[in-house]
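> Could you have a look at this structure, given as structure tokens, before my questions?
The values are calculated or read from the model by the stated rules, or taken from the named source; none is laboratory data. On a predicted model such as this, the values are computed, not experimentally measured, just so you know. Cβ: placed from backbone, ideal geometry, glycine included. Neighbour counts: every protein chain shown. For the accessible areas, the whole protein counts, side chains as well, though only heavy atoms, and no ligand, DNA or RNA atoms are used. Shrake-Rupley method; radii C 1.70, N 1.55, O 1.52, S 1.80 Å.
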Amino acid sequence: MMKDNIDFGLGQVMVSTTNSGGHDPEFWAEQATNKICGISEQAAPHIKEQALAFRAAVYNVILAGMRSAIASDRVTVSHKLKEIGHSDVAKFIKEL
């Protein structure tokens with residue numbers, strides 16, 4: 001995975017690529033966490049320590065939610081495939 005930040009003067013653009021497939025839930029949880037929890041480099045050490053602990057907690061909540069959403073969506077897709085007669089494909093989707 002490669003990340004590059006490019007500053008165009010109007011804001012930052014992040015580009016992130018993968019070699020095979022989309023990004024994993026950990027990537028998206030990190031992106032969401034970074035948008036929610038910015039930590040100043042100039043923060044006092046005890047404040048920064050608390051902010052980093054909060055950021056880690058937010059990341060874990062987001063990651064758990066994303067994993068649950070992915071699992072739920074796979075169950076939904078699997079069920080819909082079964083309804084239209086594709087039980088063989090539904091089994092594979094559910095096992096992903």
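> Which number in (1) within 23 Å of Ser16 (Cβ to Cβ); (2) of a type outside the set (Val, Ile, Thr); (3) surrounded by 13 or more Cβ atoms within 10 Å (Cβ to Cβ) marks the one condition that Ala64 misses?
Ala64 satisfies all of (1) within 23 Å of Ser16 (Cβ to Cβ); (2) of a type outside the set (Val, Ile, Thr); (3) surrounded by 13 or more Cβ atoms within 10 Å (Cβ to Cβ) except (3).
> Given (1) surrounded by fewer than 14 Cβ atoms within 10 Å (Cβ to Cβ); (2) of a type in the set (D, E, K, R); (3) assigned to a helix (DSSP H, G or I); (4) free of Cβ contacts under 8 Å to residues at least 24 places away in the same chain, where does Glu26 come up short, assuming only one miss?
(4)
> Looking at Lys91 and the list (1) free of Cβ contacts under 8 Å to residues at least 24 places away in the same chain; (2) under 22 Å from Met14 (Cβ atoms); (3) in contact with a helix residue (DSSP H, G or I) (Cβ under 9 Å, 6 or more places away or on another chain), which single condition is not satisfied?
Every condition holds for Lys91 apart from (2).
> Just to be sure, is Ala71 under 15 Å from Glu30 (Cα atoms), among the small types (Gly, Ala, Ser) and assigned to a helix (DSSP H, G or I)? Can you show your working first?
Details: under 15 Å from Glu30 (Cα atoms): no; among the small types (Gly, Ala, Ser): yes; assigned to a helix (DSSP H, G or I): yes.
Taking the combined requirement at face value, the residue does not satisfy it.
> Taking the options Gln42, Gln50, name whichever one is open to solvent by 70 Å² or more (accessible area, probe 1.4 Å), within 24 Å of Met14 (Cα to Cα) and without any contact (Cβ under 8 Å) to a residue 40 or more places away in the chain. Break it down into steps so the answer makes sense when it comes.
Working: Gln50 fails: within 24 Å of Met14 (Cα to Cα).
Of the residues listed, the single one that is open to solvent by 70 Å² or more (accessible area, probe 1.4 Å), within 24 Å of Met14 (Cα to Cα) and without any contact (Cβ under 8 Å) to a residue 40 or more places away in the chain is Gln42.
> Right, here's the next one. For segment 10-23, name all the residues that are over 17 Å from the mean Cα position of the chain (by Cα) and either of a type in the set (D, E, K, R) or open to solvent by less than 60 Å² (accessible area, probe 1.4 Å) (or both).
Once the filter is applied, which keeps residues that are over 17 Å from the mean Cα position of the chain (by Cα) and either of a type in the set (D, E, K, R) or open to solvent by less than 60 Å² (accessible area, probe 1.4 Å) (or both), segment 10-23 yields only Gly11.
> Evaluate the following for Lys35: is it modelled with pLDDT under 90 and surrounded by fewer than 11 Cβ atoms within 10 Å (Cβ to Cβ)? Steps first, please.
On the way: modelled with pLDDT under 90: no; surrounded by fewer than 11 Cβ atoms within 10 Å (Cβ to Cβ): yes.
No.
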